[in-house]
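Scroll down for the structure; my scribbles are underneath it.
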Amino acid sequence: MFRFSGRALRAAVVTVAVICAYAAGVITGGGAEERTVPVGRSLLDEAAAKIRQEAAEPVDPGELDDAAIDAMLRRLGDKWARYYSAREYDDFRGRLNGRYSGVGLWLGAADDAKATDKRVRVASVQPGSAAARAGVRVGDVITWVGDDRVEGWDVTRVAMALRGAPDAGVRLTVDRGSREHRFTLVRTAVSNGDVSAAPLDDHMQIIRVGAFTRGVGRQVRGALTATPDRHRGGVLLDLRGNPGGLLREAVETASAFLPDGLVVTYERQGRPAERMTVTEAGDTRTPLVVLVDAGTASAAEVVAGSLRDRDRAVIVGSRTFGKGSVQEPIRLADGSAIELTVGRYRTPSGRNLDGVGIDPDVAVSADRPPLAAEQRAQAVLRGLLATLPEVGSGGVTDRDRG
């Protein structure tokens, strides 16, 4: 657990909301508690007061606070630590609850060795969204949002720039190969839009999960139980471009495909490891393939890792991002928040995926179009159907798929 002395942060009472965090590849912890920062004038307060009094140019106190907090977070050496303004944190919480206004894009870091900066790419496009209708594609690299060039911006900053008031327009410029494309998109209110299901040939079904926002696990389970005839030939669980989200929603999603037992172990400093188990027995009979790529991170890796370790799914695609750490946001008195790494997770077999990721069972080059991985996944499902005799009469048995 991180503790701050009298030199740390503002003298304020803070409440830890430990069940929500979102960014590219951010995962959350479980449980809830309150923590306070000791009240009293610190050396930091005194220095800020002297700067405001003596500096040759006027200094905004809020800017000094922001700069001090940013510097302290950098000092931790925690690459996931960050500071949210009150407006940013409200947006952050709304995103986790599946309530926001946006254009229908999920973003990831562009893995391009030729790029001199860390660029942001389109990881997935929500079907039916403003971005989908305009023709934005997976793999497009974002260069401008409105009048702002996004060079050097991280994924979260770009995502926030794309979100805003419903019905408001936003200009988006992307690089696609050697060409530049410009779009004008209209933001729309999004609610519970992170799960979509569609039928495929041969009685297969693809279930896409864009992020693990609140209610996603229930929606995935509902997609399995509402129309079972649609997936007699198997399910493709598409986690490509999924940056993570709520850990408990990831556990609930994995539970939808498991009978019982361990899903993930959550290790937090100074506390016994927490074993998070199946919440309710799920569908253990339907053949399952999980689609992943370099944008599959954090809570999405929890799902993929648990389903593979439990011998429940075949993983198809390219290596996942590799983020096995757990962050928590800590609310400050003015509504802003700091976010810190507080723990790690391990898959059921005990693997720590941080910096490693998950290598697929069936590899599909990241350079191939997204449809190529889907076609390969369908071929894998057909192979399962052909080699597992129980499937022809109703699916894979519990004995076969643990």
Any hit, the stretch 54-65, residues being surrounded by 11 or more Cβ atoms within 10 Å (Cβ to Cβ) and either closer than 14 Å to SER336 by Cα or of a type in the set (S, T, N, Q) (or both) = yes
Identify, please: which residue in the stretch 342-376 is surrounded by fewer than 19 Cβ atoms within 10 Å (Cβ to Cβ) and among the polar types (S, T, N, Q) and is, among those, farthest from LEU288 (Cα to Cα)?
-> ASN352
Return a yes/no flag: does the stretch 308-317 have any residue that is in the same structural domain as ARG376 (by TED's automatic domain parsing), at positive phi and within 12 Å of the chain's Cα centre (by Cα).
-> no
Of the residues that sit in the stretch 173-193 and are β-branched (Val, Ile, Thr) and within 17 Å of ARG133 (Cβ to Cβ), which one is modelled with the lowest pLDDT?
-> VAL190
Out of SER336, SER298, report the one residue that is within 30 Å of ARG87 (Cα to Cα) and not assigned by TED's automatic domain parsing to the domain that holds LEU236.
-> SER336
The stretch 136-184, subset in a loop (DSSP other than H, G, I, E, B) and among the β-branched types (Val, Ile, Thr), residue surrounded by the fewest Cβ atoms within 10 Å (Cβ to Cβ) = VAL138
Among the residues of the stretch 276-300, the number that are under 17 Å from LEU353 (Cβ atoms), touching a helix residue (DSSP H, G or I) at 6+ places or on another chain (Cβ under 7 Å) and among the polar types (S, T, N, Q) is 1
Of the residues ARG133, ARG95, which single one is of a type in the set (Lys, Arg), outside the structural domain of VAL292 (by TED's automatic domain parsing), modelled with pLDDT under 80 and part of a helix (DSSP H, G or I)?
-> ARG95
Considering only residues of the stretch 311-340 that are surrounded by fewer than 24 Cβ atoms within 10 Å (Cβ to Cβ) and out of contact with any strand residue (DSSP E or B) (no Cβ under 7 Å at 6 or more places or on another chain), which is modelled with the lowest pLDDT?
-> ASP334
When restricted to THR225, THR213, the only residue modelled with pLDDT under 90, assigned by TED's automatic domain parsing to the domain that holds GLU280 and out of contact with any helix residue (DSSP H, G or I) (no Cβ under 6 Å at 6 or more places or on another chain) is THR225
Flag for ASP293 being within 19 Å of the chain's Cα centre (by Cα), within 27 Å of LEU224 (Cβ to Cβ) and of a type outside the set (Phe, Trp, Tyr) | yes
Quick check: anything in the stretch 214-237 in contact with a His (Cβ under 6 Å, 6 or more places away or on another chain) and either among the aliphatic types (A, V, I, L, M) or surrounded by fewer than 24 Cβ atoms within 10 Å (Cβ to Cβ) (or both)?
-> yes
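The values are calculated or read from the model by the stated rules, or taken from the named source; none is laboratory data. Being a predicted model, the structure only gives us computed values, none of them experimental. Reconstructed Cβ throughout: ideal geometry from the backbone, glycine too, with neighbour counts over all protein chains shown.
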